[in-house]
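In what follows, a single structure is set out as structure tokens and then discussed.
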Amino acid sequence: MLIPGRSAKQGTSLNKGKLKDEYKKITSILEVNSDDMVRLGLDTGDQVKLSNEVGETIVSVKGMREGKLPVGCAFIPYGPPSSCLMSGETCGSGMPQSKHMMVQIELVKKVEKEVKKVEPAN
Amino acid sequence: MSSAIKDNSIVNEKIIEDATCTFCGCCCDDITLTVDLDKKVITKAKDACVLGKAWFLNHVIEDKPIARIDGKEVTLDEAIEEAAQNLIDAKFPIVYGLSDTICEAQRQVVPIVDDIGGTIDTTTSVCHGPSGMAFQGVGEPSMTLGEVKNRADFVMYWGGNPAEAHPRHFSRYAVTPKGMFIPNGKDDRTVVIVDVRQTKTAGVADIFVQVKPGKDFELLWILRGAVKGIEVPENVEEITGVSRELVIDLVNKMKNCKYGVIFFGMGLTMTRGRHFNSGALMALATDLNEFTHFVAKPARGHGNVTGADNVVSWQTGYPFGVNFSRGYPRFNPGEFTTVDTLTRGEADAAMIIASDPVANFPKPAIDHLKSDKCKLISIDTKQTPTSEAAHVSIQTSTYGINTGGTVYRMDDVPISLRPAFDSPFPGDLEVLTKLRKRVNKLAKEKNRPYATSKYI
Amino acid sequence: MKLKLHTQPEVPLEAESITPDVLNKLKPKEVEKVKLFHGNREVNLGDFFNVSKSKLDLLEVEGDMFKIKYIGANMSSGEILINGNIGPHLGSAMTGGFIKVNGDAGDWIAPEMSGGRIHITGNGGHCIASAYRGASTGVSGGEIIIEGNVKNELGHGMSNATIIVGGMCGDFTGVNLNSGTILTFGEMGIRTGAGMKRGTIICMDNLEILPTFSYDCLYSPIYLKLFFRYIRDKTKIKFDEKFIDGKFHRWSGDAIEMNRGELLVFSA
Amino acid sequence: MNNEIRIINGIVFDPTNNVDGKVCEICIKDGKIVDKVSSAAQTIDAKGMAVMPGGVDIHCHIAGPKVNLARKLMPEDHRLDPHFKTKHTSSGSGGIVPSTFATGYRYATLGYTTAMEAAVPPLMARHALEEMYDTPIIDNGFYVLLGNNLFLQSLIAEGRKEEFKEAVAWWLNASKAYTVKLVNPGGDEPWKGHKNLNVKDIDDTSKIVDLSPRKVIDAFIDAVHELGLPHPPHIHCNNLGHSGNFDTTIETMKTAGDRRLHIAHIQFNSYAGEMGKSPKSASKEITEYVNGHKNITCDVGQVMFGKATFMTADAPLTYLLRGYKPQKWVNADTECESGCGILPFDYQGMIYTHALQWAIGLEIFLLSEDPWRIVLSTDHPNGGSFMNYPLVIKLLMDYEFRKEAMKHVNQKAMNSTILGELKREYTLNEICIITRAGPAKCLGLKDKGHLGIGADADITIYDILDDKEEMFNAPRYVMKAGQLLISNHEFISDYTDKKVLRVAPEFDKSIEKVIKPFFDDFYSIAFSNYAIDDEYLHDNIIIEANVKNNIYEN
């Protein structure tokens, strides 16, 4: 289950410009529960493919400490990658289901070298 | 900042006190800006949060054309003429966005849409639109943020992450400040966070309630039941992930506080259940008034989305997703909201004002926006994927930094802006007023739209 | 009379005039001149439909009409037969008569209906027989049969009507139900009957019941036997004969409201 | 463009200038009434028609935050009553709380050209002003809610009389208001701070109130008197809507002594009986006091059957009423200043209380001896929409119709009133007073409500018909500031240059130093961002404060 949301970093980079690299980078980092990371055999920095019936996108993952995210949930800041997965169905409300989207995670590329680990947010 | 620059700019430096930051719905109006008038940049934004600093300090006057048609530079008047013609020719045009501009500009837009017989929708529809619908169903006990600061001894956040989305919400309004009847600030308040994720916000909590994803409604329903004296079910933990003791404790705390408040976020409106989730929360707050004073409020996002809601409401009677194709306003979310009309491929022209659906919308909607079936007009302060894809693109100056006007805080309090420096780009108000006049003239010439004496 | 769609509308076409109350009085030539709304433009019915005489004594409409709204609005009597898919607001505020759809239907079927019957052989959309936003009552009478699946908010705020669904339902079926009966054969989404005051929701499949409903008993209501026979005679919904004599779990709720509603869940 | 108009042959009603149904000519130039115009003037032949000044609504709720919340709350109501676009006017939604455009146009189609919004918290004054700009045709002003302002109350409690007066003046300027509005003074604090309680009495001295309502009322009457505002404090009394509240109302009026006071929607304050039980009519007691005291003016707040919406700063009242029929309800607390409750409502003739309220309103109209001090209102939308005004007029002008109407409502209620015995019928001249001349005079608007030389050319021309409801429902011509807007019942142009009416009493700047610390501590917006700049206002008229004018002269 994917939960897109706002983050302070997404907000600040948005001010710098949506066409700039920083925004693109921040909106394509997927936060995954550490248990799930182990289960899926993922390391922080790996490239994964998210897909559902609407579309697919490639993002990089970041492990989150235990308890921060429930098992089976992943978080991503709002942005173009998250909207690739959003369906246009609004159930008569005008609001697409932009949180709690069921997606599949597939590994596409292992992290190549030691990437600078970003401290998990407190 | 180096001292050399400082010395240089003594003459041309301007200090603006009590400026308002329009980035998020908090609309903090206590920011002190230091402006370098030569370079046309803000060098300091005292008291602003991380988002606010980014908002003010990154603002530069970019060197780009004011108006473009299909990427080619044109004059503003040419662009307005083209936009007016596109809109008046369209059979089912839609105007969307409006949250990042001043009310004075927003007020010009409804008459435009009235004249072109189109649909007007604001970013509310993909933000707290479901809360608006829930409000229409159950009402809402609410308050201004100062009441929270002065009185609230029970503060709950549900499905929102203010620590990252509204960074000063805690310190300025709801948690730490000392108020009239809250002399010791945070010590006098019970802070409860309900979320599926342990976000930054959770760190502030006295009680953190981690609800199972997608079970907010069930938890709210159980709380409502408990408030009304119905036994909390034994299997509540199995259903919601929250222990029975905690639920009972929460209900007691809620019933016995003096002034309780719940802020809620997208965690409710964007998930399965949508308007019923926020409706359940508003109903819970309403029920609690049987025992004590209790209020609830959505934590609204973008700068002036609340203003857009208000303006569209007072001019049409409905908050968002209003259609004028029959010569009078009609409201039906799901039918006239932007995501739906675009996804179904209905709109044949779209004017996007201060918003970026090409980056945020579901894919089918984006595809329609970019297709040649839909004439795309963009009025925005920044270059965005939407402005780049637009047939007519007009760049405007930024509200709160270059232009003044009125914005509404998330609690419907109107605040006047104090602009820092002027910009070579025209304001939204100027552009939209011109467009309104032009469209009105065309509509009168073409006798459109047909007002009908029948209604459905 | 028979209307056949010859041109697909580019934008939503609002056709509240396509109802026996308006068209039956007119000659085919006049029917072609009846006004419809194509987006914000007034158009003639003939711009989109061929009008011809029908063998049957009813109003026949044919074509893929998912963009056409409000057919049969305010209908008081007569019959419409729709061959093809149909768009939103079918039978809005109808007070009598019969609409049959051989195909799928869109959202908002029969809002504010107070009488008459609608029969859809395919699937339905969201908010069928549902109150418009802000209103506490929607449908106040009549009968709606959908043989296929429907989506969310079936019968929101309904008072006094019967809805039969052959397939599955979305979430919030019978939410804020005032009175009336909803019967579904397929699986239901979550939160069925939330906030219901009175009325009956009958389900033949698994049902996730909200914690504010309380269990009463297992029994076999006699009226259901009649109801199932009625469904067998009137529709093509195929269902297991065992339902007819089956036993049902009765739950009452919603305790948050008046607790006078009932959920009947098939047991065996 | 020729801006001269001459109205000939019309039967003119101009009570202010003692013209009662006389055929005479009215000349208009540059938006004002003049003694003569050139021969090029456009001529309107009003033969057989009644020519009256444009209507003035002294108490309605048409702009501001609570009105807008109510609009958002009721899409189902707007849906049933759309307001169509015409070539000259914008579209909107009607219903019990119409959208701004529809409000302006609908007032105009009743012949009203001025309407005062009755309650706006100062923090939200900008919102009210913005809505007023978007309300076409009618001139507006608003009354600012100060009665539950915690800072002002603290000044009263500490006996700082001079500073209190200055602070009131500052607030009136800061919010650009027309006068002070007191709503259930003292009632907010128990509601917000004491788990939804309310004050019980004008002299309530229980622990939940620091200051008795009477002291608050007295202080405001005094301050407004001293400032010499054109209109006295507008008061919504304590215990509004409760049985047996007429005592409180009379005590409130007594508090004023011989200083001026306006009692808003007095019908809701004229109930006898025991609190908590069924009400009885106290119209006699109330009108007796009003008749005998020339310093008191009031508007009726007539209840009309059908849809209504409670919207009031008296939050505990709406919550109480919600108890009778649980449905959607809005509460909106404004920090340090005000509360607010909104509740859709339905008045039904067959319900005892509703029928009684309807009868009490009519009794007050019929028992009151001085039409100049009683104003027609429904407290729109609390007692019903302003669209009911023509029907109220018919009820007042037609005894037989009234008697017939009484047959169709709750008989127990009718039997407990004296309405059936009141045979008085209002004349056209009296109607002209209670809808135009009177309210304009109560408000101290010298240029409105009459047709004398120099007055604003806001004029309505009605066909004189036997059915007075029909007559007042559809004026043949409506003119605003000398511009013909409605001709032969149709809009022929739009008018957007409407004005905001306000006062600007002088005050000592140093009062800001006294107020600011309170702001810094307890408000959530900066002091410097609170007061509305003069530049923010578009067209506005300052009605001069004048101490001499302060005593009501008949």
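Got at least one residue in segment B:270-280 being farther than 19 Å from residue A:96 by Cβ and small (Gly, Ala, Ser)? Break it down stepwise before answering.
Within segment B:270-280, the first condition is being farther than 19 Å from residue A:96 by Cβ, and the residues that meet it are B:280.
Next, only the ones that are small (Gly, Ala, Ser) stay: B:280.
Yes, segment B:270-280 contains at least one residue that is farther than 19 Å from residue A:96 by Cβ and small (Gly, Ala, Ser).
For residues in segment B:65-79 being part of a strand (DSSP E or B) and not aliphatic (A, V, I, L, M), which is nearest to residue B:382 (Cα to Cα)? Per the stated criteria, the residue is B:68. So, in segment A:55-85, how many residues would count as being under 16 Å from residue B:360 (Cα atoms), touching a strand residue (DSSP E or B) at 6+ places or on another chain (Cβ under 7 Å) and assigned to a loop (DSSP other than H, G, I, E, B)? Residues meeting the conditions: 2. Checking each residue in segment C:39-62 for being in a loop (DSSP other than H, G, I, E, B) and within 14 Å of another protein chain (Cβ to nearest Cβ) picks out C:39, C:40, C:48. Scanning segment B:173-199 for residues that are crowded, with 18+ Cβ neighbours inside 10 Å, assigned to a helix (DSSP H, G or I) and out of contact with any Ser or Thr (no Cβ under 7 Å at 6 or more places or on another chain) yields one hit, B:174. Consider segment D:186-215 and keep the residues that are part of a helix (DSSP H, G or I) and more than 14 Å from chain B (Cβ to nearest Cβ). The one that is surrounded by the most Cβ atoms within 10 Å (Cβ to Cβ) is D:213.
Out of the residues in segment C:219-238 meeting the condition of being within 16 Å of residue C:120 (Cα to Cα) and β-branched (Val, Ile, Thr), tell me which one is surrounded by the fewest Cβ atoms within 10 Å (Cβ to Cβ). Among those that are within 16 Å of residue C:120 (Cα to Cα) and β-branched (Val, Ile, Thr), it is C:235.
State whether one or more residues within segment B:139-158 are of a type in the set (S, T, N, Q), surrounded by fewer than 24 Cβ atoms within 10 Å (Cβ to Cβ) and closer than 30 Å to residue B:181 by Cβ. Yes, there is a match, as at least one residue in segment B:139-158 is of a type in the set (S, T, N, Q), surrounded by fewer than 24 Cβ atoms within 10 Å (Cβ to Cβ) and closer than 30 Å to residue B:181 by Cβ.
Only a single item in (1) farther than 24 Å from residue D:460 by Cα; (2) of a type in the set (Ser, Thr, Tyr); (3) crowded, with 21+ Cβ neighbours inside 10 Å is not met by residue D:385, and it is number (1). Considering D:58, D:62, the condition of being assigned to a strand (DSSP E or B), among the hydrophobic types (A, V, I, L, M, F, W, C) and touching a residue at least 40 places away in the same chain (Cβ under 8 Å) is satisfied by D:58 alone.
Filtered by the rule that a residue be crowded, with 18+ Cβ neighbours inside 10 Å and either more than 10 Å from chain C (Cβ to nearest Cβ) or in a loop (DSSP other than H, G, I, E, B) (or both), segment B:233-243 gives B:233, B:242.
Residues checked against (1) touching a strand residue (DSSP E or B) at 6+ places or on another chain (Cβ under 7 Å); (2) farther than 20 Å from residue B:441 by Cβ; (3) charged (D, E, K, R):
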| site | (1), (2), (3) |
| --- | --- |
| B:69 | yes, yes, no |
| B:92 | no, yes, no |
| B:96 | yes, yes, no |
| B:102 | yes, yes, no |
| B:117 | no, no, no |
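Exactly one residue out of B:350, B:354, B:280, B:359 is in contact with a Pro (Cβ under 9 Å, 6 or more places away or on another chain) and surrounded by 24 or more Cβ atoms within 10 Å (Cβ to Cβ), and it is B:350.
Just name the residue that is surrounded by the fewest Cβ atoms within 10 Å (Cβ to Cβ) out of those in segment D:95-111 that are part of a loop (DSSP other than H, G, I, E, B) and out of contact with any Lys or Arg (no Cβ under 7 Å at 6 or more places or on another chain). Steps first, please.
Within segment D:95-111, the first condition is being part of a loop (DSSP other than H, G, I, E, B), and the residues that meet it are D:95-99, D:110-111.
Those left that are additionally out of contact with any Lys or Arg (no Cβ under 7 Å at 6 or more places or on another chain): D:95, D:110-111.
Numbers: D:95: 25, D:110: 22, D:111: 30.
Per the stated criteria, the residue is D:110.
Evaluation of residue C:36 against the conditions (1) within 14 Å of chain B (Cβ to nearest Cβ); (2) under 19 Å from the mean Cα position of the chain (by Cα); (3) crowded, with 20+ Cβ neighbours inside 10 Å shows that the sole unmet condition is (2). Quick one: residue D:338 ticks every box in (1) within 11 Å of chain B (Cβ to nearest Cβ); (2) surrounded by fewer than 23 Cβ atoms within 10 Å (Cβ to Cβ); (3) among the polar types (S, T, N, Q) except a single one, so which number is it? Residue D:338 satisfies every listed condition except (2). Condition check for residue C:104 on (1) among the acidic types (Asp, Glu); (2) modelled with pLDDT under 95; (3) over 14 Å from residue C:73 (Cβ atoms): one failure, at (2). The residues on offer are D:114, D:135, and the sole one that is part of a loop (DSSP other than H, G, I, E, B) and in contact with a Gly (Cβ under 7 Å, 6 or more places away or on another chain) is D:135.
Among residues of segment D:80-90 being in contact with a Ser or Thr (Cβ under 8 Å, 6 or more places away or on another chain) and either part of a loop (DSSP other than H, G, I, E, B) or more than 7 Å from chain B (Cβ to nearest Cβ) (or both), the one that is nearest to residue C:111 (Cα to Cα) is D:81.
Test residue C:179 against the criterion of being within 30 Å of residue B:235 (Cα to Cα) and among the small types (Gly, Ala, Ser), and give yes or no. Step through it out loud before you land on a result.
On the way: within 30 Å of residue B:235 (Cα to Cα): yes; among the small types (Gly, Ala, Ser): yes.
Answer is yes for this residue.
Residues in segment B:369-386: is at least one out of contact with any Lys or Arg (no Cβ under 9 Å at 6 or more places or on another chain), away from chain A (no Cβ under 14 Å), crowded, with 24+ Cβ neighbours inside 10 Å and assigned to a strand (DSSP E or B)? The answer is yes; a qualifying residue exists.
Screening D:269, D:331 for residues that are within 13 Å of chain B (Cβ to nearest Cβ), in contact (Cβ under 8 Å) with a residue 12 or more places away in the chain and buried (at least 24 other Cβ atoms within 10 Å of the Cβ) leaves exactly one candidate, D:331.
Residue D:180 - would you say it is in contact with a strand residue (DSSP E or B) (Cβ under 8 Å, 6 or more places away or on another chain) and not in a helix (DSSP H, G or I)?
Details: in contact with a strand residue (DSSP E or B) (Cβ under 8 Å, 6 or more places away or on another chain): yes; not in a helix (DSSP H, G or I): yes.
Criteria met by residue D:180.
Can you name the residue in segment D:521-535 that is facing chain B (nearest Cβ under 7 Å) and among the hydrophobic types (A, V, I, L, M, F, W, C) and is also surrounded by the most Cβ atoms within 10 Å (Cβ to Cβ) among such residues? Ranking the qualifying residues of segment D:521-535, first place goes to D:525. Among strands (runs of 3 or more DSSP E) entirely within segment C:78-194, having at least 1 residues that are away from every other protein chain (no Cβ under 14 Å), surrounded by 24 or more Cβ atoms within 10 Å (Cβ to Cβ) and in contact with a Phe, Trp or Tyr (Cβ under 9 Å, 6 or more places away or on another chain) singles out C:79-83, C:117-120, C:162-165. Only one of the numbered conditions (1) modelled with pLDDT of 95 or more; (2) surrounded by fewer than 21 Cβ atoms within 10 Å (Cβ to Cβ) is not met by residue D:356, and that is (2). The residues of segment D:84-119 that are without any contact (Cβ under 8 Å) to a residue 60 or more places away in the chain and among the β-branched types (Val, Ile, Thr), listed by number, are D:100, D:103. Inspect segment B:311-332 for any residue being away from chain A (no Cβ under 14 Å), within 18 Å of the chain's Cα centre (by Cα) and not polar (S, T, N, Q) and give the result as yes or no. Within segment B:311-332 (the criterion being away from chain A (no Cβ under 14 Å), within 18 Å of the chain's Cα centre (by Cα) and not polar (S, T, N, Q)), the answer is yes, since at least one residue qualifies.
The values are calculated or read from the model by the stated rules, or taken from the named source; none is laboratory data. Bear in mind that the values here come from a model prediction, so they are computed numbers and not experimental data. Here the Cβ is made from the backbone with ideal geometry for all residues, glycine too, and neighbour counts use every protein chain on show.
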